[in-house]
Structure formats: C-alpha cells, structure tokens
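For reference, the structure discussed in these notes is given below.
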Amino acid sequence: MPFNVCQVAAEATPFAKTGGLGDVVAGLSRYLGRSGHDVRVFLPFYGQIARRAERFVPVDFIQDVPIWMGDRLFHVSALTAKLPASDVDVYFLACAELFGEAGIYHGDLADGLRFAVLTRAALECCQRMGWSPHIVHAHDWHTALAPVYLKTLYSWDRLFDRTRTVLTIHNLGFQGLLDAGSLGRLGLADHASWLDAGDLAAGRINVMKTGLLHADFLTAVSRTYTREIQTPENGCGLDGLLRARAGRLVGIVNGVDYGEWDPATDPHLPHHYSADDLAGKREMKRALLARIGMEPTEAPVLGVVSRLTPQKGFDLGFGVLPALLARRDCRLVALGSGEGRYEAFFMELGHSFPGRAWYYRGYHEPLSHWIEAGADLFLMPSLFEPCGLNQMYSLRYGTPPVVRKTGGLADTVELFDSTTDEGTGFVFEHFHPAGLQWALDYALDTYPHRETWDRLMGNGMAQDFSWDVQGKEYVELYGRLSG
C-alpha cells in the first residue's frame, strides 16, 4: 500500500547539508517518491537557501501561521520547490527570526527552540493541507519532539489518529541538551510528565532521550551501530534506554545515491569507467596527480576525504602515516577541514613529504569525486561511524577502503582474503596504531599483484547499497507500524 510519509529534518541535500544526514533524507525521499508513496519533506528556510537559484513558490494557504511556544509567538510561512531529480515536494518553513541568519546550527540552546518550531510547523502544515500522514519520520535530536507533540498538543486532531512515528538515530553523540527552564519555550510547560523526571529534577532536558522514549519505532543507520549504542562504551549515556526499547529498534544501513556517485556517469570526472572497463580509472589517477602537481607514478595513491574530528580516527595517523610515507613507496592525497590539530598534521605531511603528500584544507565537491576515482585506496579509520557513506562511494569507484571494524564500516566492508579472493577492503578491529599499520601494510603488499587487485576492485564495484535496496527496509517498517 502507498504510504503518506512526513519527513522532518534539519538537513536535506542539496538545500542544507553538513554531513550524511542531508544525503539520507534526500535519498530516502527520492526512493519513496519513485516507489509511489506520497512523501513530503519539511525543512527550515535557512538564509543560505533563500540565496539559491531554485524558484521557491509560496504556499498561499500556509502563510503567517501563528505558533505559540510558551509565551512567545512565532509566525511561520511555507514555500515549496521540488527535490532535484524527483517529483518530491520540499516545504521550506520560513521564520526570519529563527532561520534567517547564516548557518544551519547555532548551538543546542538556540537550536532547541528553532527545531521545535520547525517540528510544530510541519504538523501545522499537515493540518492546513488536510493531509494525514501514516508516518512522521523524524531525524536525529533536532526533530525528536515530534512523537511528544503528536501525543500532547495535537492529540485532539483526528487527522493524526492513524499517524505513527519513526525516529532515526544518525549520530547519538548529539542529543540536544537544554536546561529545564526550556520546557516552556518548547511549548511543553503543561506536559512535563512526558519528559524524563530525573533529568528535570537535575535541571536539564535531553531532547533525543525524549524522542527515544516516545517514538513508535526507532532506527539507527547501520546494524552494527545499533548494537554498539546499546553498550556503555558507545551508548553516550542512553544505552540503558536503548536496551529497554530494543524490541522497537532496528538498524538499516543508509543508501547511496548512485545517480550522483557512479564512475560511469559522474559529471565531475573527465574520464569515466566501469567494472568492465577500468581504463578510465587509470586515466583518473594520472589526471588527479597532474591536477595537484604530483609526478605520474605507478605507486599506490591513498585518498582521504573527511571531516577532521576525533570521530574520524586520524589520531591513529599521527604516528603511522609519516612512518608509512618514509618507508613505503606510496602517495597521500587528502581533502578536509575540522579541528586545527588535524589540519596542521596534514599540512605538515605535505611540507615533510613534498611530491608525495598533498592536502587541501576545506571542502571541494568536484575534487572529492576526483579523489574517490583517482586514488587506489581510501582511508577511513574511524573511532566510531554510525554508517558512513564514503566507504560505499569508494567501493563503487573501485577504490578499496581501509577502515576500522565499527558501525556502518563493519556492515559494508568485508576484509579481503587473499587466499580466496573474497572481500572488498582492508579492515582492522582495534583502535590502535598497530591495527591501522597492519591494514595499510596488507593493502600495500597486495597492490602489486595486479590480477588479485583487479578482483578486489571488482568485488567492491559489484556491491549494491542503492536506495532501491536499502529503502525497501524502511517501507517494510512503515508497513509494520501501519498494519
């Protein structure tokens, strides 16, 4: 049966994106739309969105909608545009006071109110549309109050009688921690019993915890991450609650948009290739090295495209990568930004190993595609990784990933076995420099064996993590809730 799905999120690519959240909201919504479901995405009308080239059409019957949050009144208006490469409608909720400034995130205290208004406004839009969603799908803590709002402020409206809620955990490390005085600002002063009493007594509100308590079903973005967040080591203080709700928690690996990430058609690449004809990959390696000023080489090129934060595991690289470049004939090409110590580390590698290590500080979309295509290996040694997308891009681009066995990396990359030629990459288990060194040495020792390496590349390129595969698991879940 077709479902009415209301997606409420802080990000949706290409309109607003800081990481994988935006890609998932857009990719899942496209899949649902082309599968015959009525999916509508609700997103803040951030200042930077207003400057985009798309034509945003005001929704004439959703203008200056009054929303009281405690003793403060906000007026919200809706504009709409199509999600690119789809027939899915995205509704942008405009409130200059909350969303007019630059930037998506302003810190938990401000964002608690901003995204609470977004969530309320999405439900108000449903009312004015006369549209009854089977599923309200909330993403991360930003919209995790949707289940509570539906069961309190909107419980009177028969429009939502059949509505069920799904909350997807993209990164449990971000929980929306507010002071207890925010209860009124969230519009929940008369509904304190719906929040954790211990937290309120301690003077705090945990928005993610509130959503986890009351959503009809919970998902996390990989099977291994789902298990990890139920442990004290990775549960970020919420492992007990997640174990208690384990019967209503499943892991679904994120999908990949192969319309954007496919070396056979990638518009960013000057040379295209496929598993049946890899000549273009060799050309991309030469083109990448020429673009960054490196000499052509047959030596393996190690690629990095990453946010530079402790999560991404580059602490392991501090000792391993300089020693690797000193003792092995290989190259390193890195792109990313983040904490200063990581940026300084990659800059220093470029200075210490001129012509062998190169670093671009910041983000550059076309260059990220060139690195995926032109590198021979892709490095992703994460401390933790709820799902990750770059390792799946790398597999499709014939660039075997070097990853740690955690979260979505464990679910999507299989250790290569040189005796059977099975597997798709190089996986180490323990977060220790010796583990990363072992995986890199194994990869570099395997690389000269061209027939073996070609089979390894082919194994990765044959994997299918498209939304056509992963999205079906969400539809099955919606069906279980709506039955």
Karplus ³J(HN,Hα) for region 96-104 (6.51 cos²θ - 1.76 cosθ + 1.60, θ = phi - 60°; Hz, whole; x = Gly/Pro) runs 4, 4, 9, 10, x, 6, 5, x, 7
Scan around Gly251 for amide H atoms under 5 Å from its own, H built in the peptide plane at 1.01 Å from N, and keep only partners 5 or more places away or cross-chain.
Ala220
Using alpha-carbon pairs under 8 Å, 6+ residues apart, how would you state the relative contact order of region 396-441 in percent?
36 percent
Once a ≥ b ≥ c are taken as the square roots of the eigenvalues of the Cα gyration tensor of region 212-330, is the result rounded (a/c under 1.5), prolate (a/b larger than b/c) or oblate (a/b not larger than b/c)?
oblate
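What are the semi-axes of the equivalent ellipsoid for region 238-397, taken as the square roots of 5 times the Cα gyration tensor eigenvalues, largest first, in whole Å? Before the final figure, lay out the partial values.
On the way: eigenvalues 172, 102, 31 Å².
They are 29, 23, 12 Å, listed largest first.
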Just tell me which lysines come within less than 24 Å, Cα to Cα, of Lys151; anything on the same chain fewer than 8 places away is out.
Lys209
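Let me have the relative contact order for the chain, percent, based on Cα pairs under 8 Å that are six or more residues apart. List each step's numbers first, then the result.
Working: 941 pairs, mean separation 57.6, N = 483.
Worked out over the chain, it gives 12 percent.
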In Å, what Kirkwood hydrodynamic radius results for region 348-469 from the alpha-carbon pair distances?
15.1 Å
Set of aspartates and glutamates with alpha-carbon distance to Lys82 below 19 Å, sequence-local pairs under 8 removed:
Glu11, Asp23, Asp38, Glu54, Asp60, Asp257, Glu260
Residues of region 8-72: accessible area per residue with a 1.4 Å probe, Å²
42 Å²
For Ser466, the residues 5 or more places away or on another chain with a placed amide H closer than 5 Å to its own amide H are Val256
Using the heavy atoms of the protein chains and a 1.4 angstrom probe, tell me the accessible area per residue for region 207-291 in square angstrom.
41 Å²
Using a ≥ b ≥ c from the Cα gyration tensor of region 86-243 (square roots of the eigenvalues), is it rounded, prolate or oblate, where a/c under 1.5 gives rounded and otherwise the larger of a/b and b/c decides, a/b for prolate?
rounded
For Leu289, the net charge from surrounding residues (Cβ-Cβ under 10 Å; K, R +1; D, E -1) works out to +3
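Please say if region 151-214 is rounded, prolate or oblate, where rounded means a/c under 1.5 for a ≥ b ≥ c the square roots of the C-alpha gyration tensor eigenvalues, and otherwise the choice is prolate for a/b larger than b/c and oblate otherwise? Write out the running numbers ahead of the final one.
Details: a/c = 2.45, a/b = 1.29, b/c = 1.90.
It is oblate, given that a/c is not under 1.5 and a/b is not larger than b/c.
Size of the dipole of the chain about the Cα centre, Lys and Arg at +1 and Asp and Glu at -1 on the beta carbon, nothing else charged, in debye to 20? Write out the running numbers ahead of the final one.
Details: 44 positive and 57 negative charges, 123 e Å.
With only Lys, Arg, Asp and Glu charged at Cβ, the dipole is about 600 debye.
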Expressed as a whole percentage, what fraction of the accessible surface of region 103-150 belongs to carbon and sulfur atoms when a 1.4 Å probe is rolled over the protein heavy atoms?
53 percent
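The values are calculated or read from the model by the stated rules, or taken from the named source; none is laboratory data. Note that the structure is a prediction, hence the values are computed from the model and not measured. Cβ atoms come from the backbone with ideal geometry, glycine included; neighbour counts cover every protein chain shown. These accessible areas exclude ligands, DNA and RNA; they are computed on the full protein's heavy atoms, side chains included. Shrake-Rupley method; radii C 1.70, N 1.55, O 1.52, S 1.80 Å.
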